[in-house]
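Data block below; observations after.
The values are calculated or read from the model by the stated rules, or taken from the named source; none is laboratory data. Everything numeric in this text was worked out from a predicted model, so none of it was measured. Here the Cβ is made from the backbone with ideal geometry for all residues, glycine too, and neighbour counts use every protein chain on show. Just the protein is used for accessible areas: all its heavy atoms, side chains included, with ligands, DNA and RNA removed. Shrake-Rupley method; radii C 1.70, N 1.55, O 1.52, S 1.80 Å.
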Amino acid sequence: MKDPLAFEPDWLKDRLDRGEVILLDGAMGTELERRGVPMDQSAWSGAAVMTHPDTVRAIHADYIDAGADVIIVNSFASGRHSLAPAGLGDHVRSINTDAVRLAKEARDSAADRPVAVAGSICEWVPREGSTWSHNEALKEALAEQAHLLAEAGVDMLVLEMCQRWEHSELAFEAAKATGLPIWVGASCRRKPTQSALSTFDADTDPNFETLVTGLAQLGPRVLSVMHSPIADTVEGVEIVKGHWDGPLGVYPESGHFIMPNWQFVDIIDPDDLVAQAHMWLDLGVQVIGGCCGLGPDHIRALSQAIRR
């Protein structure tokens, strides 16, 4: 198989190798919701590519204008394991292909500098106990989506909200088969009843460090703490650093989720996010952005602070 870094844009490879800070975009799903796009009970934001393509494109453009170096396509909830339960199984190919197309169109119209397009893949199954939570079915769905995103021309694949090792490993195998660079994002949280940081897996609540140990051994291009409460992010980064010496990323959430809607409660102020980002940078974090609840204003504030 060809070296994944051979597919990485030269400008991005050079900046990562030099230790420069790379700015990610912010959330897509919650930004769609903030702009009035309804969320689906199973596919969450996955259907927006079909129903509100102009809004998806506009959000990408706004993140580019805010300073993002990497934009992530709206494919987080576009695997067959998310779309089929919503009755959209016949649209898996078109939704993933169009998600990439919309991101590229935004880049072509809004970017005055190099911007990379990343395809998002998530192992999360909306309904536990469904057919899609079985490893073989999920493996096929993840492999299908990875192939579609690669075929559509993304620059890398981003595995988001990794939380259950056996599913994360399947997602990595699917992404690896495309030959593209793989960025991995693991999610953590602290529960009052637990002494150690856990993942988001509600069924088993595995130890976050155990998950990170496995993910680091897979050898991703970037390993991030993402879709995690800001209050738990520093601890998550410190755990990752104990097992990973490659490029390290952070893109946290703000607010909380009650399926299928994000609760925009106590969203962090952009300036306060910048203050947090300085702590992450001091810990050696190189890739910074935002996840659920964080929008273009947050990315613009990060961009202005980082560029200074």
Write down the accessible area per residue of region 14-64 in Å², having rolled a 1.4 Å probe over the full set of protein chains.
36
Label region 109-243 by shape, choosing from rounded, prolate and oblate, from the square roots a ≥ b ≥ c of the eigenvalues of the Cα gyration tensor; if a/c is under 1.5 it is rounded, and otherwise prolate applies when a/b is larger than b/c, oblate when it is not.
oblate
Sorted by chain and then number, the residues having a modelled amide H within less than 5 Å of the amide H of residue 263, at least 5 places away or on another chain, are 256, 257, 258
What is the percent carbon and sulfur in the accessible area of the chain, measuring with a 1.4 Å probe over the protein chains and ignoring ligands?
48
Running Debye on region 213-290 with equal point scatterers at the Cα sites and no solvent, what base-10 log of I(q)/I(0) appears at q = 0.11, 0.15, 0.18, 0.21 Å⁻¹?
-0.30, -0.54, -0.74, -0.92
Estimated vicinal HN-Hα couplings, Hz - region 237-245 in sequence order (Karplus 6.51, -1.76, 1.60; Gly, Pro = x):
4, 4, 5, 4, 4, x, 10, 9, 10
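Just order 29-42, 290-303 by mean Cβ neighbour count inside 10 Å, highest at the front, would you?
On the way: 29-42: 18.8, 290-303: 24.4.
Highest to lowest by the protection proxy: 290-303, 29-42.
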Which value does Rg/Rh take for the chain over its C-alpha atoms, Rh per Kirkwood?
0.92
